[in-house]
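The values are calculated or read from the model by the stated rules, or taken from the named source; none is laboratory data. Please read these numbers as outputs of a predicted model, since none were measured by experiment. Ideal geometry is used to build each Cβ from the backbone, glycine not excepted, and the neighbour counts take in all protein chains shown. Accessible surface areas use protein heavy atoms only, side chains included; no ligands, DNA or RNA. Shrake-Rupley method; radii C 1.70, N 1.55, O 1.52, S 1.80 Å.
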Amino acid sequence: MQINTEDHGDMLEMRVAGRLDNEWASHLTDVIDEAVRQGSHSVVLNLTEVSYMSSAGIAALVRAHKQFQAIRGFFGVGVAPPHVEEVIRMTGLAKMLLCDIEQVRRTSGGLRSTLQPMFRVAADAGMAFELYDLDPRAVLTCKVVGDATRLPRQPFLEHDCQSLDFPADTLGLGLGAFGNNYAECADRLGEFLAVAGAVAQQPTSGSAKPDFQLQQGKLVPQVQTAYGLQCRGGFRQHLRFEPAENGVRIPLSMLVDQCLKLNESNLAGMVFVAETSGLIGATLRRSPAIAVDSAQPRLSHPEIRRWLSFSPERSHPHTLAVIVGVASRGNPTGTANALSPLLRPLGPKSEIYGHFHSAVFSYRPFKKRKLDLNDIVGTLFDSEDLQAVVHLLHDDREITGGGESEFQRGACWLSPIADVVGGLPK
C-alpha cells in the first residue's frame, strides 16, 4: 500500500493505492491519526488506485469519520473506483462517506497554487515506511581512498595511508585511526564510520573501548585512513521504517533493498539510526599495518582467528545503532566500479551489494515522524555510551551461520551516488 498526502490549503487530500484490507487498514488509520495530531480538520480520500476493499477497510473509514465528527471537522471519500464505491453503497454508508471533492475544496478555502506533499506512506516486504522528501536535487559524490585488496595478505605501510577530513556534510567508513601521522596510528588501525560531523573508531591496540571525534568550531574530525570511502553532499530522502506486524524483525538486506527501491536508485549512500534486535559483524583484533607472519592470508582459516573478532550469533540486542554505508543493486559499473573492492553481497544469492559499519550506543528512544540527523547524532555522542564499532556482515555458513543483522524500527537518510572518484588505477 502507498499513501500520498497533499495539502490543499484547509483540506488534506490522501491518495491511497493498493489493497485496503485487514493487513493494511491500520496503516491508513495511523496516517489519518497523525494528520489529526498535526492539526488537520478536513481530510478527503482519493481511492482511485485501491484495487480491493474489505470490511476492515470500511471499518477504518467509519472510524475516521467519527473521529473528525468529534472535532467538528470533515472526512469523506472524494474519488473511488466503481468496485470500491459499490462496496460503500452496499453497506449503506454512501451518505456518510461519499462526497464531492471539488465542493469540499471550494468550501475549505480553495486550492493552494503549489501543492506540497507532507509525507508519503508505503508498505512492502513486511515493512511499513513513511517517506519525507528532503532535496530532490541532492546527490552524493564519493571518493575512494587506499587499496582494500591489500587486507588479506599485505601490510598497510605509511605510503598506503592518507589523512581524510570528515566535516558535517560528509559521511564515510573504512579502516583508519585517530592521530597526527602514520607513526601514531600504525598499531591502532581499525574500523571507523563518519556522519554528521562525528567519527567513531574501533582501535586495535588492545583496547576494546572505541574512540570518537566531533566537529566543534574549526576542529574537524580527521582520520589517518588505510582504505575507505568519503562521500560529500546532501540527502534526497528521509525514511521511517517499522515492521508491518508487531514482533517481526527487519533483516538488513531486505531493509537496504527496500530503501533503494523507494529512492528509485541503484547506487546510494545511506545512514540508518535503528533499534537493534541483534547485530552480526566483525572487528579487527590486530592492526593491518602489521605484516602477515604466516603463509596463509589474514582472512583464511585458521589464521583469521588471530586477526578478526567475529560474532557467531547476534550481539548488541536492544541497543541503538548508527549505521553508515553504501549499497548497489548489482556490481556498480562505469566510474562507480571503483567501489567494487569495498562491496560484498548482503546475503546468499542477493543482488544487493553493500558495505556497512555500525556504531553501537546504549538504547535511547527517539521521537516519531521526521527527524534531524545532526541532532540525533549529536545527542547520542553527547549523552549515550558508545559501545562498539562493527563491520556488519552476513554469516552464511551452513548449520552454524548466524545470518545477518536485524532491527526493530528506525530511520534512514539516503541519496543517490552521482559520481565516484579515486580507487585503483585500471
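If you go through the stretch 2-16 and keep only what is closer than 14 Å to Ala128 by Cα and open to solvent by 10 Å² or more (accessible area, probe 1.4 Å), you end up with Gln2, Asn4. Quick check on His41: is it touching a residue at least 60 places away in the same chain (Cβ under 8 Å) and either more than 20 Å from Ala94 (Cβ to Cβ) or of a type in the set (S, T, N, Q) (or both)? Judged against the criteria, His41 is not a match. Do the conditions hold for Phe119, that is, is it in a strand (DSSP E or B), surrounded by 13 or more Cβ atoms within 10 Å (Cβ to Cβ), modelled with pLDDT of 90 or more and of a type in the set (Phe, Trp, Tyr)? Spelling it out, it is not the case that Phe119 is in a strand (DSSP E or B), surrounded by 13 or more Cβ atoms within 10 Å (Cβ to Cβ), modelled with pLDDT of 90 or more and of a type in the set (Phe, Trp, Tyr). Pairs linking a residue in the stretch 276-287 that is touching a residue at least 24 places away in the same chain (Cβ under 8 Å) and in a strand (DSSP E or B) to a residue that is of a type in the set (Phe, Trp, Tyr) and open to solvent by 20 Å² or more (accessible area, probe 1.4 Å), with Cβ atoms under 6 Å and 6 or more positions apart or on different chains, are Ala282/Phe310. Taking the stretch 375-406 as the range and being open to solvent by 20 Å² or more (accessible area, probe 1.4 Å) and closer than 20 Å to Ser362 by Cβ as the test, the residues that pass are Asp375, Ile376, Gly378, Thr379, Asp382, Ser383, Glu384, Asp385, Gln387, Glu406. In this structure, Phe235 qualifies as under 25 Å from Thr141 (Cβ atoms), open to solvent by 40 Å² or more (accessible area, probe 1.4 Å) and at pLDDT 95 or above. Listed by position, the strands (runs of 3 or more DSSP E) inside the stretch 171-261 whose residues that are among the hydrophobic types (A, V, I, L, M, F, W, C) number at least 3 are 190-195, 198-201, 222-233.
Suppose we filter Ser350, Ser358, Ser309, Ser300 for residues that are buried (at least 21 other Cβ atoms within 10 Å of the Cβ), in contact (Cβ under 8 Å) with a residue 24 or more places away in the chain and not aromatic (Phe, Trp, Tyr); which single one remains? After ruling out the rest, the residue left standing is Ser358. Taking the criterion of being closer than 15 Å to Ser253 by Cα, among the hydrophobic types (A, V, I, L, M, F, W, C) and at pLDDT 95 or above, the residues of the stretch 310-351 that qualify are Ile323, Val324, Val326, Ala327.
Can you go through Gln230, Gln215 and tell me which one is at pLDDT 95 or above, under 24 Å from the mean Cα position of the chain (by Cα) and either under 21 Å from Ala321 (Cα atoms) or open to solvent by less than 10 Å² (accessible area, probe 1.4 Å) (or both)?
Just a single option satisfies the conditions, and that option is Gln230.
For the stretch 56-82, the set of residues classified as without any contact (Cβ under 8 Å) to a residue 12 or more places away in the chain and under 20 Å from Met1 (Cα atoms) consists of Pro82 only.
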